[in-house]
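Trainee: Mind looking over this structure? Questions follow.
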Amino acid sequence: MIGNDAFCPESGAPLTEAQHYDADGQAWRAVRSDDTHDGAAEGLLTNGAVQSTRTALLSHFRRCHQRSHEPDEALYGTVSLALWRLKRAAEGAQAWDVHVWYALQHRLARNGHDVAWMGSYATLRCPDCHGTLAYRAVGDGVVAQCGTRCTDRRDDRLTAIRETVATLYAGAFEDGPDRASLLRF
């Protein structure tokens, strides 16, 4: 993932808050070791990635889960298998970390796991350019439009994101998504 949710796309290790600048003035963050990473990639400069490895997503899930829950090896095994299936089924933008994350959240919720906390660890992005979204209230709901206006369309990007997540989920799991209960972003 990128932005505030960024982590090492290979290992899932957290990144430092400090920015380091290259010769072109590009800001980078360094990978740091923690209790779950051996430090092999420590110091590597990255800003995360739109698409990370299954191992990195699992590591990120573990770290985020353990911020407010006791370690749960059975859950982590379930998550590992679900991530394997999601990554295998993902094509194109479906493989973006944010889409895999929300499909995983939906899978775990359907299997009775407490996943309300997961939404705090992934920021939805424009499905066209991966830019930030601008939200506004409309009636009883909310719509999101691309904050960078990457296209001339001013439609609700949440609809496209939900469809991407639902299609990914359906490709990975036989029970398919229940459109009515698909996660509300």
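Trainee: Return one quarter of the surface area of the convex hull spanned by the alpha-carbon atoms of the stretch 65-185, equal to its mean projected area, in nm². Walk me through the intermediate numbers first.
Mentor: On the way: hull surface 32.4 nm².
Projected over every direction and averaged, the Cα hull of the stretch 65-185 covers 8.1 nm².
Trainee: Using the heavy atoms of the protein chains alone and a 1.4 angstrom probe, what is the accessible area of the chain per residue in square angstrom? Spell out each step's value before the answer.
Mentor: On the way: 9560 Å² over 185 residues.
Counting only protein heavy atoms, the per-residue value for the chain is 52 Å².
Trainee: Continuing with this model, one more query. As a test of the formula, what do you get for the chain when each DSSP H run with n ≥ 4 contributes -39,500 (n - 2.57) and the sum is divided by the residue count, at 222 nm and rounded to the nearest 500 deg cm²/dmol?
Mentor: The per-residue figure over the chain is -10500 deg cm²/dmol.
Trainee: Which number comes out as Rg/Rh for the stretch 118-162 once both Rg and the Kirkwood Rh are worked out on C-alpha atoms?
Mentor: 0.96
Trainee: Please identify, among Pro127, Pro14, Pro71, the residue showing maximal mean-square fluctuation in a Gaussian network model of the chain using a 10 angstrom Cα cutoff.
Mentor: Pro71
Trainee: Still on this model: Distance between the C-alpha centers of the stretch 1-23 and the stretch 125-171? Whole Å please.
Mentor: Rounded to whole Å, the Cα centres lie 25 Å apart.
Trainee: With the contact rule set at Cα under 8 Å and sequence spacing of 6 or more, what percent relative contact order holds for the stretch 93-158?
Mentor: Across the stretch 93-158, relative contact order equals 20 percent.
Trainee: Scan the chain and hand back the longest stretch that contains none of the GluC sites (Glu not before Pro) lying in DSSP loops with at most 16 other Cβ atoms within 10 Å.
Mentor: The longest such stretch corresponds to 92-173.
Trainee: Then there's this: I'd like the isolated cysteines in the chain, meaning no second cysteine's beta-carbon lies under 4.7 angstrom from theirs.
Mentor: Taking the Cβ cut-off of 4.7 Å, the unpaired cysteines of the chain are Cys8, Cys64.
Trainee: Sketch the reach of a paramagnetic label on Ser120 as a point 7 Å from Cα along Cα-to-Cβ, and name the residues of the stretch 43-69 whose backbone nitrogen lies under 12 Å away.
Mentor: The answer is 64-69.
Trainee: Right, here's the next one. Provide, in order from the shortest bin, the percent of all Cα-Cα pairs of the stretch 1-143 in each 10 Å bin, continuing until the bin that contains the maximum pair distance.
Mentor: 11, 38, 35, 14, 2, 0
Trainee: Could you point to the residue in Thr167, Ile2, Gly141 farthest towards the positive end of the chain's charge dipole, with +1 and -1 charges on the Cβ of Lys/Arg and Asp/Glu respectively?
Mentor: Going by the Cα projections, it comes out as Gly141.
The values are calculated or read from the model by the stated rules, or taken from the named source; none is laboratory data. For clarity, every value in this text was computed on a predicted model and none was experimentally measured. Please note: Cβ atoms are built from the backbone with ideal geometry, for glycine as well, and neighbour counts cover all protein chains shown. We work out accessible area using only protein heavy atoms, side chains counted, and drop any ligands, DNA or RNA first. Shrake-Rupley method; radii C 1.70, N 1.55, O 1.52, S 1.80 Å.
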